[in-house]
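Right, one structure below, let's go through it.
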Amino acid sequence: MSDFFLSIREYRSVKAALRRLIKLVGGDADCCRVTGRARRQAYSEFASPDREHMNKWPPLREILDLEADVETPEVTQAMARLHGYELVKLPEVVAPKDWALAVGSMSKETGEALNVVLQAFANGGRIDADEIRQWHIDGELDEAIVTLLQIRAMVDRENERGGQIDD
């Protein structure tokens, strides 16, 4: 029976992400400054891919602090990928107050996004980079995503209040 739940390769991929994070922060000494940890050598051990250090990991709080310092979720991304997920930075959104306006905006933006995708697709049954640029598909999708996230923020706000989602 192995001492590890995941494979050594999978643990090493997270250790590699930790090494990248340490480098982004500026090295062991800067990691100590950010987290308040006194012993610099600990970060070398945490990031080491050697089997003797495979059970040495920084506390979650330190990973959170280091990732916040450089605004890059290196370790979090690596762990998400191990489980089949991909992190995507969400745009800042504010939950609108008016449900009718928010739903109307969502309908408009998603309709526009669908329209440009279908127009681009109609030209040969596939969409290439030229059509993406020509139809501004990425921008239209981004605008639609923001309206969906606004609705999501409204739903989350109401759930936190324990309120109803209708007007």
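We did not get these values from a lab; they are worked out from the coordinates using the rules stated. Bear in mind that the values here come from a model prediction, so they are computed numbers and not experimental data. Cβ placement follows ideal geometry from the backbone for every residue including glycine, while neighbour counts extend to all protein chains displayed.
Okay, residues lined up against (1) closer than 30 Å to TYR43 by Cβ; (2) surrounded by 16 or more Cβ atoms within 10 Å (Cβ to Cβ); (3) of a type in the set (S, T, N, Q):
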{"site": "LEU82", "(1), (2), (3)": "yes, no, no"}
{"site": "LYS89", "(1), (2), (3)": "yes, no, no"}
{"site": "ASP98", "(1), (2), (3)": "no, no, no"}
{"site": "GLY104", "(1), (2), (3)": "no, no, no"}
{"site": "VAL117", "(1), (2), (3)": "no, yes, no"}
{"site": "GLU131", "(1), (2), (3)": "no, yes, no"}
{"site": "MET154", "(1), (2), (3)": "no, yes, no"}
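Among the residues of the range 7-25, is there at least one that is loosely packed, with under 13 Cβ neighbours inside 10 Å, part of a helix (DSSP H, G or I), of a type in the set (D, E, K, R) and in contact (Cβ under 8 Å) with a residue 24 or more places away in the chain? Looking for residues that are loosely packed, with under 13 Cβ neighbours inside 10 Å, part of a helix (DSSP H, G or I), of a type in the set (D, E, K, R) and in contact (Cβ under 8 Å) with a residue 24 or more places away in the chain, one finds none in the range 7-25, hence no.
Has the range 84-102 got at least one residue that is farther than 30 Å from SER7 by Cα, in a helix (DSSP H, G or I) and of a type in the set (Asp, Glu)? Scanning the range 84-102, I find no residue that is farther than 30 Å from SER7 by Cα, in a helix (DSSP H, G or I) and of a type in the set (Asp, Glu), so the answer is no.
Can you name the residue in the range 26-43 that is assigned to a helix (DSSP H, G or I) and out of contact with any Asp or Glu (no Cβ under 6 Å at 6 or more places or on another chain) and is also nearest to GLU74 (Cα to Cα) among such residues? Walk me through how you get there before you give the answer.
Initially, the range 26-43 is screened for residues assigned to a helix (DSSP H, G or I), giving 28-35, 41-43.
This time we only want the ones that are out of contact with any Asp or Glu (no Cβ under 6 Å at 6 or more places or on another chain), so: 28-33, 41-42.
Numbers: ASP28: 16, ALA29: 19, ASP30: 16, CYS31: 14, CYS32: 18, ARG33: 19, GLN41: 20, ALA42: 18 Å.
In this case the residue turns out to be CYS31.
Condition check: more than 30 Å from ALA29 (Cα to Cα) and surrounded by 13 or more Cβ atoms within 10 Å (Cβ to Cβ). Does LYS108 satisfy that? Can you show your working first?
Numbers: more than 30 Å from ALA29 (Cα to Cα): yes; surrounded by 13 or more Cβ atoms within 10 Å (Cβ to Cβ): yes.
Spelling it out, LYS108 is indeed more than 30 Å from ALA29 (Cα to Cα) and surrounded by 13 or more Cβ atoms within 10 Å (Cβ to Cβ).
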